[in-house]
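No lab work stands behind these numbers, since they all come straight from the coordinates. Being a predicted model, the structure only gives us computed values, none of them experimental. Methodologically, a virtual Cβ is constructed for each residue, glycine included, from the backbone with ideal geometry; neighbour enumeration extends over all protein chains shown.
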């Protein structure tokens with residue numbers, strides 16, 4: 001469902017899917033179809049990564065599996081449980097900290113997990129789903145609950161589902177889904193000859 005009120009208005013042309021993407025707090029509790037979920041995971045699979053390490057790992061729970069759902073949900077901080085309970089899928093995202101081919105530290109493993117997450121997110125948006133990523137997780141709980149090896153780091157969680165109309169959700173959450181969408185101007189983060197000085201191309 002594309003919410004016209006949430007479509008971004010960029011200053012320069014971008015793909016429609018980028019304008020349509022947003023992270024809803026109000027979801028309708030509908031289950032995510034298996035074929036759509038697999039499409040999202042396949043998109044993550046084909047993300048770029050350093051030395052093709054593919055350091056991302058996902059712990060998957062769907063709302064139709066009550067035991068798995070509750071287990072994963074309990075690994076979120078309480079504030080995120082309040083809204084993520086209405087998603088259809090929950091992923092706990094972990095990342096491998098070293099390269100498999102030589103055992104040395106992979107300093108970009110978190111970046112590459114983000115690349116996979118971005119691919120997953122855009123694929124989801126393209127097929128009518130919405131994704132909301134969150135950093136509010138209980139790292140120790142994930143590690144202990146799922147016996148995550150020391151070489152892997154629990155980092156984020158991803159809720160996948162169908163957005164609902166904000167007015168159908170908690171009023172406080174609805175406010176987040178109806179606020180003005182804003183971003184920093186290009187000149188605030190694209191630098192030229194020295195740090196903090198905007199590149200001429202974005203002025």
- Taking 0.36 nm per intervening residue step and subtracting the Cα-Cα distance, what contour gain separates residue 5 from residue 110 on full extension? 34.6 nm
- With r defined as the distance between the Cβ atoms of residue 81 and residue 151 and R0 fixed at 25 Å, what FRET efficiency is calculated, to the nearest 0.05? 0.35
- Message: Could you order the peptides 106-112, 44-50, 195-201 from most to least packed, using the average number of other C-beta atoms within 10 Å per residue?
- Response: 106-112, 44-50, 195-201
- What is the distance in Å between the Cα centres of region 55-81 and region 164-200? 27
- Could you tell me which of rounded, prolate or oblate describes region 96-203, using a ≥ b ≥ c as the square roots of the eigenvalues of the alpha-carbon gyration tensor, with rounded for a/c under 1.5 and, failing that, prolate when a/b is larger than b/c and oblate otherwise? oblate
- Please give, to one decimal in nm, the separation of the simple spin-label points placed at residue 98 and residue 12, each 7 Å out from Cα toward the Cβ. 4.1
- Query: On full extension of the chain, what length is gained from residue 187 through residue 168, given 0.36 nm per residue of separation minus the C-alpha to C-alpha distance?
  - Reply: 3.0 nm
- Query: Which residues in region 2-20 have a backbone N closer than 18 Å to a point placed 7 Å from the Cα of residue 180 along the Cα-to-Cβ line?
  - Reply: 5-12
- Mean ellipticity per residue at 222 nm, deg cm²/dmol - from DSSP H runs of n ≥ 4 across the chain, formula -39500 (n - 2.57): -9500 deg cm²/dmol
- Query: Ranked from highest to lowest mean number of other Cβ atoms within 10 Å per residue, what is the order of the peptides 96-102, 8-14?
  - Reply: 96-102, 8-14
- Item | residue 60-residue 195 pseudo-label distance in nm [points 7 Å out on the Cα-to-Cβ vector] | 4.2
